[in-house]
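Engineer: Could you have a look at this structure, given as C-alpha cells, before my questions?
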Amino acid sequence: IDGKYLSSETSGSLSTLFDVGGVLGGILAGHISDRLNARAITAASFMYCAIPALFFYRSYGHISLVVNGVLMFVTGMFVNGPYALITTAVSADLGTHKSLKGNSRALATVTAIIDGTGSIGAAIGPLLTGYISAKSWSAVFTMLMGSALIAGLFLTKLVVSEVATKIEESRSNRAPECSLDV
C-alpha cells in the first residue's frame with residue numbers, strides 16, 4: 001500500500017475492517033429489508049453494489065492505508081451484508097411453499113441443502129482463489145465480481161416476485177374513488 005509492505009499485524013488489523021463492514025452491512029441490510037419488506041430486492045441490491053466495491057478496492061486500494069481501509073470496509077458491507085438475508089429469504093420462501101406444507105422432514109431437507117450449498121461455496125472459493133491468484137490478483141477480483149453478479153442473478157426470480165407483489169399492493173391501496181352523484 002502506497003509503495004510499502006505492511007507487517008502481518010497491520011495486514012491482519014486492516015483485514016478485520018472487511019468483517020466489521022460485513023457485520024454493519026448485515027444490520028443495514030436487515031434494517032432496509034424490514035423497512036421495505038423486501039428481502040430479495042435488498043439482497044440483490046447489495047450483491048450488485050458489491051461489484052463496483054470490489055472493482056474500486058482492486059483499482060484504488062493501494063493508494064493509501066486510509067483508502068484501503070475505507071474500501072475494505074465498504075466491500076465487506078456489500079459482500080457479507082446480505083448473507084443472512086439470502087439464506088433466510090431462500091429458506092423462508094422454500095419453507096412456506098405449498099408443496100412442503102406440514103412436512104417437517106422436507107423443510108429440514110431444504111435447510112440442509114441451503115447450508116450444504118453454502119459450505120460447498122466456502123470450500124471451493126479459497127481453492128479457486130489459490131489457483132487463480134497464481135496467475136494474477138486481478139483475475140481473483142474478476143472471479144469475485146463474477147460471483148457477485150451470479151448471486152444477484154440467482155435472486156432475480158425472487159426480486160421479480162417481490163416487485164410484482166409491491167405493485168399489486170400499491171394498486172390495491174389506491175382504491176378507485178367513485179362517486180355517483182344523483
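Engineer: Filter segment 16-72 down to residues that are among the small types (Gly, Ala, Ser) and over 14 Å from the mean Cα position of the chain (by Cα) and give me whichever is farthest from Phe141 (Cα to Cα).
Structural biologist: Out of the qualifying residues, it is Ser64.
Engineer: Here is a list: Gly102, Gly25. Which entry is of a type outside the set (A, V, I, L, M) and not in a helix (DSSP H, G or I)? Outline the logic, then answer.
Structural biologist: Values: Gly25 fails: not in a helix (DSSP H, G or I).
From the options Gly102, Gly25, the qualifying one is Gly102.
Engineer: Now for a different question. Could you please give the count of residues in segment 167-182 that are in a helix (DSSP H, G or I) and modelled with pLDDT under 90? Walk me through how you get there before you give the answer.
Structural biologist: So in segment 167-182, the residues in a helix (DSSP H, G or I) come out as 167-173.
Next cut, modelled with pLDDT under 90 only: 169-173.
Count: 5.
Engineer: Now for a separate question. Determine, yes or no, whether Leu127 is closer than 21 Å to Ser45 by Cβ, loosely packed, with under 15 Cβ neighbours inside 10 Å and of a type in the set (A, V, I, L, M). Give the steps one after another, and end with the answer.
Structural biologist: On the way: closer than 21 Å to Ser45 by Cβ: no; loosely packed, with under 15 Cβ neighbours inside 10 Å: yes; of a type in the set (A, V, I, L, M): yes.
No; evaluated as a whole, the condition is false for this residue.
Engineer: Sticking with this one: Exactly one condition in (1) over 30 Å from Glu169 (Cβ atoms); (2) more than 18 Å from the chain's Cα centre (by Cα); (3) β-branched (Val, Ile, Thr) is not met by Val79; state its number.
Structural biologist: (2)
Engineer: Filter segment 36-61 down to the residues that are on the phi < 0 side of the Ramachandran plot and either in a loop (DSSP other than H, G, I, E, B) or acidic (Asp, Glu) (or both) and list them by number.
Structural biologist: Looking only at segment 36-61, we keep the residues that are on the phi < 0 side of the Ramachandran plot, and these are 36, 38-61.
If the condition is that a residue be on the phi < 0 side of the Ramachandran plot and either in a loop (DSSP other than H, G, I, E, B) or acidic (Asp, Glu) (or both), then Ala38, Gly61 are the ones that fit.
Engineer: Also, quick follow-up: Any idea how many residues of segment 36-59 are among the aliphatic types (A, V, I, L, M), in contact (Cβ under 8 Å) with a residue 24 or more places away in the chain and out of contact with any Pro (no Cβ under 9 Å at 6 or more places or on another chain)? Break it down stepwise before answering.
Structural biologist: Our first condition is that a residue be among the aliphatic types (A, V, I, L, M); within segment 36-59, this holds for 36, 38, 40-41, 43-44, 47, 50-51, 53-54.
Of the ones still in play, those that are also in contact (Cβ under 8 Å) with a residue 24 or more places away in the chain are 38, 40-41, 43-44, 47, 50-51, 53-54.
Adding the requirement that they be out of contact with any Pro (no Cβ under 9 Å at 6 or more places or on another chain) leaves 38, 40-41, 51, 53-54.
Number of matching residues: 6.
Engineer: Being touching a Ser or Thr at 6+ places or on another chain (Cβ under 6 Å) and either crowded, with 20+ Cβ neighbours inside 10 Å or not basic (Lys, Arg) (or both) narrows it down to one residue among Thr88, Thr16, Thr42; which is it? Spell out how you get there, then give the answer.
Structural biologist: Numbers: Thr88 fails: touching a Ser or Thr at 6+ places or on another chain (Cβ under 6 Å); Thr16 fails: touching a Ser or Thr at 6+ places or on another chain (Cβ under 6 Å).
Result of the check over Thr88, Thr16, Thr42: Thr42.
Engineer: Looking at segment 45-52, is at least one residue over 17 Å from Gly152 (Cα atoms), crowded, with 16+ Cβ neighbours inside 10 Å and small (Gly, Ala, Ser)?
Structural biologist: Start the filter on segment 45-52 by keeping residues that are over 17 Å from Gly152 (Cα atoms), which leaves none.
For segment 45-52, residues over 17 Å from Gly152 (Cα atoms), crowded, with 16+ Cβ neighbours inside 10 Å and small (Gly, Ala, Ser): absent.
Engineer: Related question: Before we move on, is Ala38 modelled with pLDDT under 95 and either under 18 Å from Phe73 (Cα atoms) or out of contact with any Gly (no Cβ under 7 Å at 6 or more places or on another chain) (or both)? Show your work before the answer.
Structural biologist: Numbers: modelled with pLDDT under 95: yes; either under 18 Å from Phe73 (Cα atoms) or out of contact with any Gly (no Cβ under 7 Å at 6 or more places or on another chain) (or both): yes.
Yes: the conditions hold for Ala38.
This table checks each residue for (1) without any contact (Cβ under 8 Å) to a residue 24 or more places away in the chain; (2) among the small types (Gly, Ala, Ser); (3) assigned to a helix (DSSP H, G or I).
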| residue | (1), (2), (3) |
| --- | --- |
| His31 | yes, no, yes |
| Asp34 | yes, no, yes |
| Ile63 | no, no, no |
| Met72 | no, no, yes |
| Thr88 | no, no, yes |
| Thr111 | yes, no, yes |
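Engineer: Among the residues of segment 124-163, write down those that are among the charged types (D, E, K, R) and assigned to a helix (DSSP H, G or I).
Structural biologist: First, the residues of segment 124-163 that are among the charged types (D, E, K, R): 135, 157, 162.
The answer is Lys157, Glu162.
The values are calculated or read from the model by the stated rules, or taken from the named source; none is laboratory data. Note that the structure is a prediction, hence the values are computed from the model and not measured. In this analysis, Cβ positions are derived from the backbone assuming ideal geometry, glycine residues included, and neighbour counts consider all displayed protein chains.
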